[in-house]
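**Q** The structure under discussion is supplied below as structure tokens; questions concerning it will follow.
The values are calculated or read from the model by the stated rules, or taken from the named source; none is laboratory data. Just so it is clear, the structure is predicted and the values come from calculations on it, not from any experiment. Counting neighbours? That spans all protein chains shown, and the Cβs are built from the backbone with ideal geometry, glycine included. The area values use the complete protein model at the heavy-atom level, side chains included, leaving out ligands, DNA and RNA. Shrake-Rupley method; radii C 1.70, N 1.55, O 1.52, S 1.80 Å.
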Amino acid sequence: MSGVIKANQRGYDGFSMSDRAVTAYKNGERPISKWTSKDAKAFNALLASLDINITVSLKEFKVLLNRFGYTSWHHTSKYANRTDFFSPAAMLFSYEFFSTDEDANPIYPDICDIDVAALPAEEIECARTSANAWVTLGYINKN
């Protein structure tokens, strides 16, 4: 059996990715390569709004995602490669914070869509604890 995806193969969206990968994108997850400097800036703005006094570069942002933001893996490309997906929200908040879709998959909010004023106190504390751990472990430097 060939490892190449065929046209209209069940469970696949065209030739580019699995149906579950498409759902992951819709639920706020992306591969490391798809996170940009714009996302890192939005992440820094979120940290500032949480009174977390650190700023991360794009490189540091991707290191943090790779180490702490893993959410799932999905098949991508016409060769059905296994691709890891990540979310910055998963680095900051507890699993219980996230709503789920009809298949019980977590929905990770876009960084810009997180309303800090509406966050429960325990989620703010979770985010601050996570950020302090990144500094303590040497992944980033505190400002």
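**Q** Before we move on, is Tyr25 within 13 Å of the chain's Cα centre (by Cα) and either at pLDDT 55 or above or surrounded by 13 or more Cβ atoms within 10 Å (Cβ to Cβ) (or both)?
**A** Considered against the rule, which asks whether it is within 13 Å of the chain's Cα centre (by Cα) and either at pLDDT 55 or above or surrounded by 13 or more Cβ atoms within 10 Å (Cβ to Cβ) (or both), Tyr25 comes out as yes.
Per-residue answers, yes or no, for (1) in contact with a Phe, Trp or Tyr (Cβ under 6 Å, 6 or more places away or on another chain); (2) modelled with pLDDT of 90 or more; (3) part of a helix (DSSP H, G or I):
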{"residue": "Leu47", "(1), (2), (3)": "no, yes, yes"}
{"residue": "Asp51", "(1), (2), (3)": "no, yes, no"}
{"residue": "Asn66", "(1), (2), (3)": "no, yes, yes"}
{"residue": "Ser72", "(1), (2), (3)": "yes, no, no"}
{"residue": "Arg82", "(1), (2), (3)": "yes, no, no"}
{"residue": "Arg128", "(1), (2), (3)": "no, yes, yes"}
{"residue": "Tyr139", "(1), (2), (3)": "no, yes, no"}
{"residue": "Asn143", "(1), (2), (3)": "no, no, no"}
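**Q** Assess whether Lys6 counts as being at pLDDT 95 or above and exposed (fewer than 15 other Cβ atoms within 10 Å of the Cβ).
**A** No, not satisfied.
**Q** Also: How many residues are small (Gly, Ala, Ser) and free of Cβ contacts under 8 Å to residues at least 40 places away in the same chain if we restrict to region 102-143? It would help to see each step written out before you state the result.
**A** The initial filter retains those residues of region 102-143 that are small (Gly, Ala, Ser), namely 104, 117-118, 121, 127, 130-131, 133, 138.
Okay, now just the ones that are also free of Cβ contacts under 8 Å to residues at least 40 places away in the same chain, so 104, 117-118, 121, 133, 138.
Summing the residues that are small (Gly, Ala, Ser) and free of Cβ contacts under 8 Å to residues at least 40 places away in the same chain in region 102-143 gives 6.
**Q** Follow-up question, since we're still on this one. Just wondering, is there one or more residues in region 67-83 that are open to solvent by 60 Å² or more (accessible area, probe 1.4 Å) and of a type in the set (Gly, Ala, Ser)?
**A** no
**Q** Out of curiosity, is Ser57 open to solvent by 50 Å² or more (accessible area, probe 1.4 Å), in contact (Cβ under 8 Å) with a residue 40 or more places away in the chain, of a type in the set (Gly, Ala, Ser) and under 24 Å from Thr129 (Cβ atoms)?
**A** For Ser57, the condition - open to solvent by 50 Å² or more (accessible area, probe 1.4 Å), in contact (Cβ under 8 Å) with a residue 40 or more places away in the chain, of a type in the set (Gly, Ala, Ser) and under 24 Å from Thr129 (Cβ atoms) - is not met.
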